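Student: Sending over a structure as structure tokens; questions will come in a sec.
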Amino acid sequence: MQSWPAPAVPQLPSGERPVLRVFDSSAQGLVDVVPQGGTARMYVCGITPYDATHLGHAATYLAFDTLGRVWRDQGLEVLFVQNVTDIDDPLLERAERDGEDWVALAERETDLFREDMTALRVLPPDHYVGAVEAMDEIARLVVRLREAGAAYELDGDVYFPIAVAPHFGEVSRLDRATMTALFRERGGDPDRPGKKDPLDALLWQAARPGEPSWESPLGTGRPGWHVECAAIALGRLGETMDVQGGGSDLLFPHHEHSAIEAEAATGVWPFARAYVHAGMVGLDGEKMSKSRGNLVFVSRLRAEGVDPAALRLALLADHYRADREWTQAQLDAGTSRLAAWRAAVARPAGPSGQALLAAVRRALSADLDTTAALAAVDAWAAGAGTDTAAPGLVRDTVDALLGVSLSSTDR
Ligand code: 5CA
Ligand code: ZN
């Protein structure tokens, strides 16, 4: 699939760059992220395009954009892959509800997502891959699992038996009761009779009347959700990656299953050296979700004239792992912060730019602490000083590491 255009990223001067530490759900604590061989590999789960990008999605993609920016600043190449779940039950259900063609719906919402990501200056993935275009690859992975004895059939459908996975449970670290509840809530079928284990997940679903399906050695059908991400990641990042990312609602079963399915095919563990999860953004006390209908869309705010840079600052003001509520006050704070920063870099001089750069690098390397990074820039903007190079350096720092352009020409 087409990705979206990349914004320019200014090169920052060298200087101390602390080792990046992030919270790894599997380790249940902070881990050092030290990519090997000069290339950092990251997979971030993409959208299911049946509705527009809401602020929860945006916050999650901004968290991983920040991570990618820190890596780039460390001089690493970043190999970044993202999928689009352009065939799945929720998409078909929405298309059916609205009497719309599911392909047209997915294309329209994916286009809108690209526009939103472009407006927010999110760096695009190197490979942006739809499930439909990866259909053969996904089917091949299921065949490989079957050949490895890591698949069984149930009435024409194909399941992954968790019994073959020595590391099952090591991504989410949840107890069985919690797993079962989440599995049921998030697209799984723990109660289907005939499964070897209630938590076994679908690898391939045989064609259902009236639903789209694809020919494959497994019969005509379509893939399960977890194997989609396992296949797309394995095909482009290799057997392991540095970071697999997504919102915390993907911790189980999605990331647990993607990882054990990949391992069953490759024999390599871990699938990701760190599993990083962003908190959920809610509105009025509830997780923002398409099914709840309590959504604030990026595109709607843009249409209302909200500066995407202000929105970006509003979303980066809280720590990415915190579950949080969206309020108008946050957007207002982002708007005034942006104005203050733009005024501050327009001054002929200010406090030390090098010190500010070091402070932002320090903050972001400590589990992407954007709250502290923003506070450091606030302090710089509020202070006075004689460093004439500072306004330019601060502008570059904010652009390269926080993805916000303070230049009047770029707006
Ligand atoms: N296509 C799958 C992943 S393979 C999917 O979960 N799509 S999604 O459109 O539902 O979500 C896209 C991304 O946004 C996921 O990383 C998800 O965890 C994240 N996300 C969804 N809702 C929220 C929310 N309310 N707050 C923060 N992140 C969210
Ligand atoms: Zn995924």
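The values are calculated or read from the model by the stated rules, or taken from the named source; none is laboratory data. Fair warning: this is a prediction, and the values are worked out from it, not measured in the lab. Cβ coordinates were reconstructed from backbone atoms using ideal geometry, including for glycine residues, and neighbour counts include every protein chain displayed. Remember, those area values only see protein heavy atoms, side chains included, never the ligands or the DNA or RNA. Shrake-Rupley method; radii C 1.70, N 1.55, O 1.52, S 1.80 Å.
Student: If one computes the Cα centroid of segment 174-235 and of segment 308-345, what distance in Å separates the two points?
Tutor: Taking the Cα centre of segment 308-345 as reference, the centre of segment 174-235 is 39 Å away.
Student: Using helices alone, I'd like the mean residue ellipticity at 222 nm for the chain: each DSSP H run of four-plus residues gives -39500 (n - 2.57), total over residue count, nearest 500. Spell out each step's value before the answer.
Tutor: Values: 13 runs with 165 residues, N = 411.
Helix contribution divided over all residues of the chain: -12500 deg cm²/dmol.
Student: Relative to the longest principal axis of the chain, what angle (0 to 90°, nearest 10) does the C-alpha long axis of helix 55-73 take?
Tutor: Between the helix axis and the principal axis of the chain, the angle is about 70 degrees.
Student: Semi-axes of the equivalent ellipsoid of segment 221-335: what are they in whole Å, largest first, if each equals the square root of 5 times a C-alpha gyration tensor eigenvalue?
Tutor: Working from the Cα gyration tensor, I get semi-axes of 34, 15, 13 Å.
Student: What nm value, rounded to one decimal, do you get for the distance between Ala366 and Gln11 when each label is placed 7 Å out toward the C-beta?
Tutor: 3.0 nm
Student: Still on this model: For the chain, what is the accessible area per residue in Å² when the probe is 1.4 Å?
Tutor: 39 Å²
Student: What is the spin-label model distance, in nm, from Glu133 to Gln2 if the labels are put 7 Å beyond Cα along the C-beta direction?
Tutor: Each label point lies 7 Å from its Cα, and together they span 1.1 nm.
Student: Taking +1 at the Cβ of each Lys and Arg and -1 at the Cβ of each Asp and Glu, which of Leu316, Gly293, His277 sits farthest along the dipole of segment 213-372 towards its positive end, judged by Cα position relative to the Cα centre?
Tutor: Farthest towards the positive pole: Leu316.
Student: Separate question: Quick one: helix 390-402 against the long Cα principal axis of the chain, what's the angle to the nearest 10°, folded into 0 to 90?
Tutor: So the inclination is approximately 10 degrees.
Student: Rounded, prolate or oblate: which fits segment 11-156 when a ≥ b ≥ c are the square roots of the eigenvalues of the alpha-carbon gyration tensor, with rounded for a/c under 1.5 and prolate only if a/b beats b/c?
Tutor: Numbers: a/c = 2.38, a/b = 1.39, b/c = 1.71.
Oblate is the answer for segment 11-156, as a/c is 1.5 or above yet b/c matches or exceeds a/b.
Student: Taking square-rooted eigenvalues a ≥ b ≥ c of the alpha carbon gyration tensor, is segment 47-91 rounded, prolate or oblate, where a/c under 1.5 means rounded and, failing that, a/b exceeding b/c means prolate?
Tutor: oblate
Student: Specify whether the C-alpha gyration tensor of segment 215-254 places it in the rounded, prolate or oblate class, a ≥ b ≥ c being the square roots of the eigenvalues: rounded for a/c under 1.5, otherwise prolate if a/b is larger than b/c and oblate if not.
Tutor: oblate
Student: Under the √(5λ) rule applied to the eigenvalues of the Cα gyration tensor, what semi-axes describe the equivalent ellipsoid of segment 282-411? Give them in Å, descending.
Tutor: Values: eigenvalues 171, 55, 23 Å².
They are 29, 17, 11 Å, listed largest first.
Student: Something else: Using a Förster distance of 30 angstrom, determine the FRET efficiency expected from the C-beta separation of Glu304 and Arg108, and round it to 0.05.
Tutor: After rounding, the FRET efficiency stands at 0.90.
Student: Give, rounded to the nearest 20 debye, the magnitude of the charge dipole that segment 79-201 has about its Cα centre when Lys and Arg contribute +1 at Cβ and Asp and Glu contribute -1 at Cβ. Walk me through the intermediate numbers first.
Tutor: Values: 15 positive and 28 negative charges, 134 e Å.
Its charge dipole is roughly 640 debye.
Student: With a 1.4 Å probe and all protein chains in place, put Glu185, Glu228, Glu211 in order of accessible area, largest first.
Tutor: Order by accessible area, largest first: Glu185, Glu211, Glu228.
Student: Another question, if that's okay. Bin width 10 Å, alpha-carbon pairs only: give the P(r) of segment 81-174 as whole percents, running from 0 to the bin holding the largest distance.
Tutor: 13, 29, 33, 22, 3
Student: Name the long-range amide H neighbours of Lys196: under 5 Å, sequence gap of 5 or more, or other chain; modelled H, no Pro or chain starts.
Tutor: none
Student: Hey, could you grab the Kirkwood Rh for the chain? Inverse mean 1/r over distinct alpha carbon pairs, Å, one decimal. Please report the intermediate quantities before stating the final value.
Tutor: Working: mean 1/r = 0.0451 Å⁻¹.
The answer is 22.2 Å.
Student: So what does Phe23 come to for accessible area, using a 1.4 Å probe and Å² rounded to 10?
Tutor: Rounded to the nearest 10, that gives 60 Å².
Student: Related question: Label points 7 Å out from Cα along the Cβ direction at Glu239 and Asp32: separation in nm?
Tutor: According to this spin-label approximation, the distance is 2.4 nm.
Student: Just to confirm the number: angle between the C-alpha axis of helix 370-382 and the first principal axis of the chain, 0 to 90 degrees, nearest 10?
Tutor: With both axes taken from Cα atoms, the answer is about 10 degrees.
Student: Mean-square fluctuation check for the chain, GNM, Cα pairs under 10 Å: which of Arg108, Arg192, Arg342 is largest?
Tutor: It is Arg192.
Student: Quick one: dipole size for the chain, taken about the Cα centre, charges +1 on Lys/Arg Cβ and -1 on Asp/Glu Cβ, in debye to the nearest 20.
Tutor: In debye, rounded to 20, the chain gives about 1240.
Student: Then there's this: If you stretched the chain out fully between Val268 and Arg176, how much longer would it get, using 0.36 nm times the residue separation minus the C-alpha to C-alpha distance?
Tutor: Full extension of this stretch gives 30.7 nm more.
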